[in-house]
Amino acid sequence: MNDHTRWMHRCLDLARLGAGTVAPNPMVGAVLVKDDVLLAEGWHKQVGGPHAEVECLRNFGEHAVPLNAELYVNLEPCDHFGRTPPCSLHLIERGVKLVVVAHRDPNPAVSGKGIERLRTAGISVTEGVLEDEAGWMNRRFLTSMERSRPYIVLKWAQSADGYLDQHPRGDRGVQRISAPDTDVLVHRWRSEEQAILVGSRTVMNDDPSLDVRHVSGRSPMRIVIDRDQRTPAGSRVFDGSHPTLLFTGSERTDIKAEQVIVAMNEDPIDRLLTELHGRSVRSVLVEGGAELLGHFIRRSLWDEARVITGTPLFGSGTKAPSIGMERTTSFRSANDQVDLYVNTMHRSYPGPSCSW
């Protein structure tokens, strides 16, 4: 492992500390090194707060940056005024002379301009260190910038014999398939995405809360597609505890939720993705039933799929969908099998072996 790789790995470790708190911004870490000795480090901690480079240099202090010190950062320094001033100008003002970057920022407001400004100021910039690993970590942000839509993660749990639920059903509520340890994993997944999506049938049958309970973290925005106004007003998704966005055919006055009216001749999925992108929602976790999941699968409109197979045998019910490609990796969670898939058709970067 060469020195550049070692310190870029540290940047990525720092950047991941912002998972679940910095979206819609990317996760970014930065380290300042001289003669292979760490001088300071920092990471982007929350939206609106200082960027990683600023945190790093603030932690270094106000004294002059040594001429042969290298600043490592996993994403190209920004070059525009947003919630904070440009990091490129800050690096120039602080006298940084050597910068190592994993990859460029596809945001049109940056897109090479930060690196260009640094080089114009006489700063040496090295690019491409751990580019694939850094791209995989920020795949939600990159997909949003490059495809003008959120990163789409499909998730479902199925019985050992391949059913999502069992018929006939009893009272309204979730039928347990996965083990408690796996439920904790699912709630961690929820905390990492900005939005969670279900259809009307899931709300009617399961009455889910769609929040984060078993781990610490931010609950995603809850999204429901219900153009026929079939979901009961007393459903948990309308309890006002967390933001809910309802895509409906006509306005409802009996619920607590922001509403988007979708005409019957509109494709609700296309409208939803356009709406979310306009709100800077970088990712959505689809936890719907067979019908909603099937819409995304048939169109190959997904980036990851996470399939949990539990131990119960249902014998009959709603058949689980099939993703139609080889799994990328799998592991055990208690007695459950967890299979993970990556849609390689939508990958604009090679990426390393998947790490969830």
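Assuming ALA52 fulfils every condition listed in (1) farther than 13 Å from CYS87 by Cβ; (2) touching a Leu at 6+ places or on another chain (Cβ under 9 Å); (3) surrounded by 15 or more Cβ atoms within 10 Å (Cβ to Cβ); (4) not aromatic (Phe, Trp, Tyr) apart from one, which condition is it?
(1)
Quickly run through the stretch 227-244 and pick out the residues that are of a type outside the set (D, E, K, R), within 21 Å of VAL186 (Cβ to Cβ) and surrounded by 15 or more Cβ atoms within 10 Å (Cβ to Cβ).
Of everything in the stretch 227-244, those that are of a type outside the set (D, E, K, R), within 21 Å of VAL186 (Cβ to Cβ) and surrounded by 15 or more Cβ atoms within 10 Å (Cβ to Cβ) turn out to be SER235, VAL237, HIS242, THR244.
Exactly one of these conditions fails for THR248: (1) within 24 Å of the chain's Cα centre (by Cα); (2) crowded, with 17+ Cβ neighbours inside 10 Å; (3) without any contact (Cβ under 8 Å) to a residue 40 or more places away in the chain. Give me its number.
(1)
Working only within the stretch 267-290, note down all residues that are of a type in the set (S, T, N, Q) and either on the phi > 0 side of the Ramachandran plot or not in a helix (DSSP H, G or I) (or both).
Residues satisfying the conditions are SER280, SER283.
I'd like to verify a number: residues in the stretch 80-89 that are farther than 17 Å from SER124 by Cβ, within 28 Å of the chain's Cα centre (by Cα) and in contact (Cβ under 8 Å) with a residue 24 or more places away in the chain, how many?
The total comes to 5.
Mind checking which pairs have a first residue in the stretch 125-146 that is without any contact (Cβ under 8 Å) to a residue 60 or more places away in the chain and within 16 Å of GLY29 (Cα to Cα) and a second that is crowded, with 22+ Cβ neighbours inside 10 Å and of a type in the set (A, V, I, L, M), Cβ under 6 Å, 6 or more apart or different chains?
From residues that are without any contact (Cβ under 8 Å) to a residue 60 or more places away in the chain and within 16 Å of GLY29 (Cα to Cα), the pairs are GLU127/VAL101.
Tell me which residues, restricted to the stretch 17-38, are in contact with a helix residue (DSSP H, G or I) (Cβ under 9 Å, 6 or more places away or on another chain) and exposed (fewer than 14 other Cβ atoms within 10 Å of the Cβ).
The answer is ASP36, LEU38.
Which one is nearest to GLN166 (Cα to Cα), of the residues in the stretch 251-295 that are touching an Asp or Glu at 6+ places or on another chain (Cβ under 8 Å) and at pLDDT 95 or above?
Filtering first and then ranking leaves LEU285.
Among the residues of the stretch 195-245, what is the count of those that are within 20 Å of GLN175 (Cβ to Cβ), within 24 Å of the chain's Cα centre (by Cα) and in a loop (DSSP other than H, G, I, E, B)?
6
State which residue is farthest from ARG306 (Cα to Cα) when the search covers only the stretch 192-226 and only residues that are surrounded by 20 or more Cβ atoms within 10 Å (Cβ to Cβ) and of a type in the set (Ser, Thr, Tyr).
SER200
The values are calculated or read from the model by the stated rules, or taken from the named source; none is laboratory data. The shown structure was predicted, so the numbers you read here are calculated from the model rather than taken from an experiment. Positions of Cβ are backbone-derived with ideal geometry, glycine not excepted, and every protein chain shown enters the neighbour counts.
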